[in-house]
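Student: Structure incoming, see below.
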Amino acid sequence: MAHREMRRNRVLVAAAGLFLGLACLWARAAWLQVFRHSHYAERAERNQELRVLLEPVRGPLLDRRGRPLARDLLTYSISAAPREMKDPRATARVLARALGLDPARLARAFAARPWFVRVARRVPPDRGERIARAGQRGVYVALETRREYVLGNAAEEILGCTNIDHVGVEGLERMCDEELRGRPGWTTLFRDGRGRSHQLQRGQERRPEDGHQVVLTLDADLQAIVEHHLAEAVDTLRAARGFALFLDPRSGEILAAANVPHSPPGRARNWTFTDQFEPGSTYKVVVASASLEEGVARPDQWFEAAADGKATIAPGAVFHDVHKQPAFTFRDAVRWSSNIVMGKLGLRLGADRLYRYSTALGFGSLTGSRFPGEAGGKLRSPARWSQRSCPTIAIGQEVAVTPLQLALAYAAVANGGVLMRPMLVREIRDGEGRTLRRVAPEAAHRVFTASTMSLMREMLTAVVDSGTARAARVPGLRVAGKTGTAQKYDADVGTYGKGKYLSSFAGFVPADDPCLVGVVVIDEPSGGRYYGGEVAAPVFREVVLDVLRLPESPILSGPVTVAARPPAPAPVTVPDLRLLWREAVEQRLADVGLRARLAGEGPRVLAQEPAAGQAVERGASVTVWLSPPADSSAARLPDLAGVPLREALRRLTRLEVPARIQGSGVVVRQSPAAGAPLPLKSPCRLWCEPSLAAALPAGPAGAELPDAAAARSREP
Amino acid sequence: MNRGDRWLLTLPLVLTGLGVVMVYSSSTILGITRFQDPNHFLFKQLIRAGVGVIAMVACSRLPLRRLEPLSPWLLGAGAALLLVVVVIGRVAKGAMRWLDVGLFSIQPTDLARLAAVVFLAWWLKRRPPAELGFARGLLPPLLMVAGLSGLILLQPNLSSAVLLALTGVWVMFLAGVPVRHLAVPLLGGVAAGAVVLRAHPYMMERFQSFVGFAGGTLDARGSGWQLDQSLIAIGSGGWFGRGLGGGLQKYLFLPEAHTDFIYSIFAEELGFAGTTVLLGTIGLLLWRGLRAVARAADPFAFLLAGGLTIQIGLYALVNLAVATGLAPTTGLPLPFVSYGGSALVANLAAAGLLYRVSAMNEAEEALARRRWSQEKT
């Protein structure tokens, strides 16, 4: 029956069509779900996961006894979206009561701005948590971390600050940033198609690691005392500024570093580390100690001075004494701070020895404190001294020192002749307060013998007892020290200005077994008094008096034993290499025991690092940048085809040609063409293609590559 | 009354039950977001499933000779409803497809597609096109299908119109229309489809998006968003899926997750294994349906069963093809599974009719067997 047959066939065709479709769909599902599963699973994860950064708590800075100086405070910021509230007025009332705000004003703010109102910032944790728990609709509570400096302004220059991202940008915050920063964690929240996060955590997370606690060597009490007395002195003397640094001579631990006045946050610099000044007479401790050490002078040896207080001791060097006497014993010369005698001693010692002892005491080079922005002072090498330099440097002119260097030099006198490395950090603790690392005091090297130093301490004690620094006397305690009064070099006039002084005092207590070294500098005191003994020494005395009243006075605390390191190689001064020929540079550096590191190509030196005159350790390397080849005067665009993009940019930058880049890798085309006269009117356009090297025929890559690539690129 | 092929009742019920579960799984988040009630869609679907089961049982007991004379009236009712919806229908998602009837709303399209099959079977039985030629045999039913499709297009609802036309063409094919005659309506349909596509920019956009996807690029942020999210859902299911209820794409990533893209959530939660079972179930249902078709002696029953089976099959194929990116994105439900009342009731009713046809076949075959044995003895 043909009709029935036709029907059957047509049903079979329909069945074939439907089942073929199903088979296709099944294959498609297999492709998607089995073969492409990993691809889509990853896409799904990216789709649905919301990674949230969990901020770590920045570690606190603690003082030497564990009292916080800087710490993270958790606060809350509270904002509102009035549109989402059921009853903005009621919510405003509740919020206002919790935060102590004016309910009416808040309600008005809600009415005025229905989308977003910042209600309060820096809300204390307890209140913020209460508001968060209340869970009002339309009220958003966010954590906000704030860095709190417990001492306020005080110590801000040494502690530094953090920026808005909680990264230390200045001072100790920057120096210890790696320790303090911690490690952020993350967690994955689930996110829906509209980007809202859901509180079903998906298990994967990393807890944030809080920053380490850094125990500093600073003493909060001493810091406060120093700031107070320094501020008082600067105020009463109407001085431009003052700074003071106190440290423990036995360990090199810096106990207090104060600046007055405080600069606005962000512009604060720690002058005790970053500023260098001409020390004047306080520097005489170098020539005096060196003379004793070298046997150039004995304590009771007589030296001729001038009855009128004026003597020419070297060509062009006319020295004046404030305390006029025809002759001094060495002891008295120190006591009365005779410029003439000290200048003569400088001459007797000779330039080389004076320079050697100066650098050995750490002048002219960085102390190794790692404090950001620390200055190295200024001390030229004897080769560049004039005839009058030797006596002038002996009395503390023609050199520049930082308060830290000066304090460390006096610490060497106080502790028996060892130059200590300054310490700012005592200990690193983890977030829970367990000690991770203790920093041991470190001696740089021995400079003087102990016997010389005890003689020196005796003479410095006499300075305070009956010499220029009598204002630093403390009843019941033997104080040693030296005053300094420097006329300030006035850059405007080009000479030492009249009436502008920088007065300083450097000393230590107790003189027999010193445990506290202090440097006090008052810049530009006005009102007639300017001698260091009148201006700076009293500050030191007041500080010591207050320290003695402290329940746990550092002056009375027990001694710390220090392991001395073998002497380090004496520092050398970097010569001036600028404009020297390339060959001469290496010769010159080799002469003083330094190595050269050349940067760039060219015949002559353009710049150097470290700068000339800086003291560096022997064997260090000096980077010199060489000038571009002389043909740059032709000023034509070079052929950059085949040159790696980075190198091409470097060449263009040197010619001061701006570039516009397309692609990456190796330059294949440039516009305008090579040889175009400079300067160009428009930026040079570079077309680049990646990994041309791979497309090249086999051959040594490197030197031959650019040429081959260039040839290739010119073909089309 | 004879027993029919019980697969034709159980398989639709299995699929409907699966549909209720999947609707629940895929609509909770949407229910919370839109109605603050995770069970909103579940309860509605349960009620509709109940109505659908009643319709299925009723249809499975409706003698075909009673249904046959009702055919023109059914078609008239369907066409009238379509006209009404075009005039006063409710606009949703850019098209007028719903008609509010008291407590619930219905899509007349679903009634019309059912009525069209019944009518075609009735018409083609009385006027077999194979014998009457093109003009007298084929043209009248063609015009009827075109008119109905045109009414659906006015909503506008291109995909339903296309499927109705395709179903009609298949039924005519089964009725024995010469293949060369069918080329005319197919070409005409393609031309009409192109015109409609041009007239509606959003359709064009979807079509172009599909062409782009077939060419290897997908605008995942714009018009291709839905397809992209669907592929992510299906693909991330893997072999065994994330577990029933464990899908994540329903968290408002995948629009229409409980209706047109319910398969994506199903595949995400039950994996390739689940897909295989689902396709197997659908295939089994189609096979049992076609078996009933092939065994039907009466032309009306034959064409009715053929049209209904092919309709269910086409809806399933197109829906799955859309979800897997093999067809341009359109809004067609997966039969029995997707959320949506009218379609569920219509499909269950169709299943009931299929059962009726199979029961009739059994009765006739039993009769034939008895006759044969009587002749032998």
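The values are calculated or read from the model by the stated rules, or taken from the named source; none is laboratory data. Note that the structure is a prediction, hence the values are computed from the model and not measured. Here the Cβ is made from the backbone with ideal geometry for all residues, glycine too, and neighbour counts use every protein chain on show. SASA here: full protein model, heavy atoms, side chains in, ligands and nucleic acids out. Shrake-Rupley method; radii C 1.70, N 1.55, O 1.52, S 1.80 Å.
Student: Given (1) at pLDDT below 85; (2) more than 26 Å from A:T162 (Cα to Cα), where does A:P125 come up short, assuming only one miss?
Tutor: (2)
Student: On to the next question. Listed residues B:G212, B:G188; which is closer than 30 Å to B:R126 by Cβ and out of contact with any Phe, Trp or Tyr (no Cβ under 6 Å at 6 or more places or on another chain)? Outline the logic, then answer.
Tutor: Details: B:G212 fails: closer than 30 Å to B:R126 by Cβ.
B:G188 is the lone residue from the list that is closer than 30 Å to B:R126 by Cβ and out of contact with any Phe, Trp or Tyr (no Cβ under 6 Å at 6 or more places or on another chain).
Student: Please work out which one of (1) of a type in the set (V, I, T); (2) out of contact with any helix residue (DSSP H, G or I) (no Cβ under 6 Å at 6 or more places or on another chain); (3) in contact (Cβ under 8 Å) with a residue 24 or more places away in the chain is the condition A:T272 fails and give its number.
Tutor: Going through (1) of a type in the set (V, I, T); (2) out of contact with any helix residue (DSSP H, G or I) (no Cβ under 6 Å at 6 or more places or on another chain); (3) in contact (Cβ under 8 Å) with a residue 24 or more places away in the chain one by one, A:T272 breaks only (2).
Student: Ok, one more. Can you name the residue in region B:141-158 that is within 17 Å of the chain's Cα centre (by Cα) and open to solvent by 20 Å² or more (accessible area, probe 1.4 Å) and, of all such residues, is farthest from the other protein chains (Cβ to nearest Cβ)?
Tutor: B:L153
Student: Right, something else. Tally time: how many residues in region B:248-262 are within 9 Å of another protein chain (Cβ to nearest Cβ) and either aliphatic (A, V, I, L, M) or closer than 17 Å to A:A29 by Cβ (or both)?
Tutor: Residues in region B:248-262 being within 9 Å of another protein chain (Cβ to nearest Cβ) and either aliphatic (A, V, I, L, M) or closer than 17 Å to A:A29 by Cβ (or both): 4 in total.
Conditions (1) more than 30 Å from A:L172 (Cβ to Cβ); (2) more than 14 Å from chain B (Cβ to nearest Cβ); (3) open to solvent by 20 Å² or more (accessible area, probe 1.4 Å); (4) out of contact with any helix residue (DSSP H, G or I) (no Cβ under 6 Å at 6 or more places or on another chain), marked per residue:
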residue	(1), (2), (3), (4)
A:W26	yes, no, yes, no
A:Y76	no, yes, yes, no
A:A92	yes, yes, no, no
A:R97	yes, yes, yes, yes
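Student: Pick out the one residue from B:T377, B:T330, B:T281, B:T275 that is of a type in the set (S, T, N, Q), open to solvent by 10 Å² or more (accessible area, probe 1.4 Å) and modelled with pLDDT of 90 or more. Spell out the reasoning first.
Tutor: Working: B:T377 fails: modelled with pLDDT of 90 or more; B:T330 fails: modelled with pLDDT of 90 or more; B:T275 fails: open to solvent by 10 Å² or more (accessible area, probe 1.4 Å).
Answer to the check: B:T281.
Student: List every residue pair whose Cβ atoms sit under 7 Å apart, with the two residues 6 or more apart in sequence or on different chains, where the first one lies in region B:261-274 and is outside any helix (DSSP H, G or I) and the second, anywhere, is buried (at least 24 other Cβ atoms within 10 Å of the Cβ) and not β-branched (V, I, T).
Tutor: Every condition considered, the pairs that remain are B:F261/B:S230; B:F261/B:L254; B:F261/B:A323.
Student: Can you find a residue that is hydroxyl-bearing (S, T, Y), under 26 Å from B:V20 (Cα atoms) and either without any contact (Cβ under 8 Å) to a residue 60 or more places away in the chain or open to solvent by 20 Å² or more (accessible area, probe 1.4 Å) (or both) anywhere in region B:227-246?
Tutor: Step one: filter region B:227-246 for residues hydroxyl-bearing (S, T, Y), giving B:230, B:236.
Checking which are under 26 Å from B:V20 (Cα atoms) leaves us with B:230, B:236.
Restricting the remaining residues to those that are either without any contact (Cβ under 8 Å) to a residue 60 or more places away in the chain or open to solvent by 20 Å² or more (accessible area, probe 1.4 Å) (or both) gives B:236.
Among the residues of region B:227-246, at least one is hydroxyl-bearing (S, T, Y), under 26 Å from B:V20 (Cα atoms) and either without any contact (Cβ under 8 Å) to a residue 60 or more places away in the chain or open to solvent by 20 Å² or more (accessible area, probe 1.4 Å) (or both), which makes the answer yes.
Student: Same structure, new question: When residues of region B:54-67 are filtered for being touching a helix residue (DSSP H, G or I) at 6+ places or on another chain (Cβ under 8 Å) and either farther than 25 Å from B:W122 by Cα or of a type in the set (K, R) (or both), how many remain?
Tutor: Step one: filter region B:54-67 for residues touching a helix residue (DSSP H, G or I) at 6+ places or on another chain (Cβ under 8 Å), giving B:55-64, B:67.
Those still in the list that are either farther than 25 Å from B:W122 by Cα or of a type in the set (K, R) (or both) too: B:61.
Final tally of qualifying residues: 1.
Student: Take the conditions in contact (Cβ under 8 Å) with a residue 40 or more places away in the chain, more than 13 Å from the chain's Cα centre (by Cα), crowded, with 24+ Cβ neighbours inside 10 Å and at the interface with chain A (Cβ under 9 Å from one of its Cβ atoms) and apply them to B:V322. Does it pass?
Tutor: On the way: in contact (Cβ under 8 Å) with a residue 40 or more places away in the chain: yes; more than 13 Å from the chain's Cα centre (by Cα): yes; crowded, with 24+ Cβ neighbours inside 10 Å: yes; at the interface with chain A (Cβ under 9 Å from one of its Cβ atoms): no.
Spelling it out, it is not the case that B:V322 is in contact (Cβ under 8 Å) with a residue 40 or more places away in the chain, more than 13 Å from the chain's Cα centre (by Cα), crowded, with 24+ Cβ neighbours inside 10 Å and at the interface with chain A (Cβ under 9 Å from one of its Cβ atoms).
Per-residue answers, yes or no, for (1) farther than 30 Å from A:A256 by Cβ; (2) free of Cβ contacts under 8 Å to residues at least 24 places away in the same chain; (3) at the interface with chain B (Cβ under 7 Å from one of its Cβ atoms):
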position	(1), (2), (3)
A:L20	yes, yes, no
A:A29	yes, yes, yes
A:Q33	yes, yes, yes
A:H39	yes, yes, yes
A:R46	yes, yes, no
A:P68	no, no, no
A:S79	yes, no, no
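Student: Any chance region B:160-176 includes a residue that's in contact (Cβ under 8 Å) with a residue 40 or more places away in the chain and over 28 Å from B:L70 (Cβ atoms)? Steps first, answer last, please.
Tutor: Restricting attention to region B:160-176, the residues satisfying the condition of being in contact (Cβ under 8 Å) with a residue 40 or more places away in the chain are B:160, B:163-164, B:166-168, B:170-172, B:174-176.
Cutting the leftovers down to over 28 Å from B:L70 (Cβ atoms) gives us none.
No, region B:160-176 contains no residue that is in contact (Cβ under 8 Å) with a residue 40 or more places away in the chain and over 28 Å from B:L70 (Cβ atoms).
Student: Further, regarding this structure: Checking the condition under 17 Å from B:L15 (Cβ atoms) and of a type in the set (A, V, I, L, M, F, W, C), which residue from B:L367, B:L326, B:L303, B:L278 passes?
Tutor: From the options B:L367, B:L326, B:L303, B:L278, the qualifying one is B:L278.
Student: So, in region B:164-180, of the ones that are surrounded by fewer than 24 Cβ atoms within 10 Å (Cβ to Cβ) and more than 18 Å from B:K125 (Cα to Cα), which residue ends up modelled with the highest pLDDT?
Tutor: Per the stated criteria, the residue is B:L166.
Student: Anything in region A:468-485 that is over 36 Å from the mean Cα position of the chain (by Cα), touching a residue at least 60 places away in the same chain (Cβ under 8 Å) and not in a strand (DSSP E or B)? List them, or say none. Give the derivation first.
Tutor: Going through region A:468-485, the residues over 36 Å from the mean Cα position of the chain (by Cα) turn out to be A:468, A:470, A:473-478.
From what is left, the residues that are touching a residue at least 60 places away in the same chain (Cβ under 8 Å) are A:468, A:470, A:473-474, A:477.
A:T468, A:R470, A:R473 - these are the residues of region A:468-485 that are over 36 Å from the mean Cα position of the chain (by Cα), touching a residue at least 60 places away in the same chain (Cβ under 8 Å) and not in a strand (DSSP E or B).
Student: When both residues are 6+ apart or on different chains and their Cβ atoms are under 8 Å apart, which pairs have a first residue that lies in region B:337-353 and is at positive phi and in contact (Cβ under 8 Å) with a residue 60 or more places away in the chain, and a second that is in a helix (DSSP H, G or I) and of a type in the set (S, T, N, Q)?
Tutor: Nothing qualifies.
Student: Here are some conditions: (1) more than 11 Å from chain A (Cβ to nearest Cβ); (2) open to solvent by 10 Å² or more (accessible area, probe 1.4 Å). B:L270 meets all but one. Which one does it not meet?
Tutor: (1)
Student: Let me ask something else. For the structure I just gave you, tell me whether B:L70 is under 30 Å from B:A305 (Cβ atoms), away from every other protein chain (no Cβ under 14 Å) and open to solvent by 60 Å² or more (accessible area, probe 1.4 Å). Outline the logic, then answer.
Tutor: Numbers: under 30 Å from B:A305 (Cβ atoms): yes; away from every other protein chain (no Cβ under 14 Å): yes; open to solvent by 60 Å² or more (accessible area, probe 1.4 Å): yes.
In short, yes.
Student: While we're on this one: Given the conditions (1) at the interface with chain B (Cβ under 9 Å from one of its Cβ atoms); (2) over 49 Å from the mean Cα position of the chain (by Cα), and given that A:N9 satisfies all but one, which numbered condition is not satisfied?
Tutor: (1)
Student: Only one of these conditions is not met by B:L314: (1) in contact with a Ser or Thr (Cβ under 9 Å, 6 or more places away or on another chain); (2) within 14 Å of chain A (Cβ to nearest Cβ); (3) surrounded by 24 or more Cβ atoms within 10 Å (Cβ to Cβ). Which number is it?
Tutor: (3)
Student: Please enumerate the residues belonging to region A:370-396 that are surrounded by fewer than 22 Cβ atoms within 10 Å (Cβ to Cβ), part of a loop (DSSP other than H, G, I, E, B) and within 31 Å of the chain's Cα centre (by Cα).
Tutor: Those that are surrounded by fewer than 22 Cβ atoms within 10 Å (Cβ to Cβ), part of a loop (DSSP other than H, G, I, E, B) and within 31 Å of the chain's Cα centre (by Cα): A:R370, A:P372, A:G373, A:E374, A:A375, A:R380, A:S381.
Student: Would you check which residues across region B:1-27 are of a type in the set (S, T, N, Q), in contact (Cβ under 8 Å) with a residue 24 or more places away in the chain and open to solvent by 30 Å² or more (accessible area, probe 1.4 Å) and list them?
Tutor: Here is the first cut: in region B:1-27, the residues of a type in the set (S, T, N, Q) are B:2, B:10, B:16, B:25-27.
Next, from what is left, pick out any that are in contact (Cβ under 8 Å) with a residue 24 or more places away in the chain: B:2, B:16, B:25-27.
The answer is B:N2, and nothing else.
Student: Got a sec? Which helices (runs of 4 or more DSSP H) wholly within region A:58-161 have at least 3 residues that are within 26 Å of A:P264 (Cβ to Cβ)? Write out each step before concluding.
Tutor: Working: elements: A:88-99, A:103-112, A:125-134, A:156-159.
Qualifying helices (runs of 4 or more DSSP H): A:156-159.
Student: Name, by its number, the condition in (1) touching a residue at least 12 places away in the same chain (Cβ under 8 Å); (2) within 7 Å of chain A (Cβ to nearest Cβ); (3) assigned to a helix (DSSP H, G or I) that does not hold for B:A294.
Tutor: (1)
Student: Among A:F246, A:F277, A:F303, which is the only one that is farther than 19 Å from A:A537 by Cβ, at pLDDT 85 or above and in contact with a strand residue (DSSP E or B) (Cβ under 8 Å, 6 or more places away or on another chain)?
Tutor: Answer to the check: A:F303.
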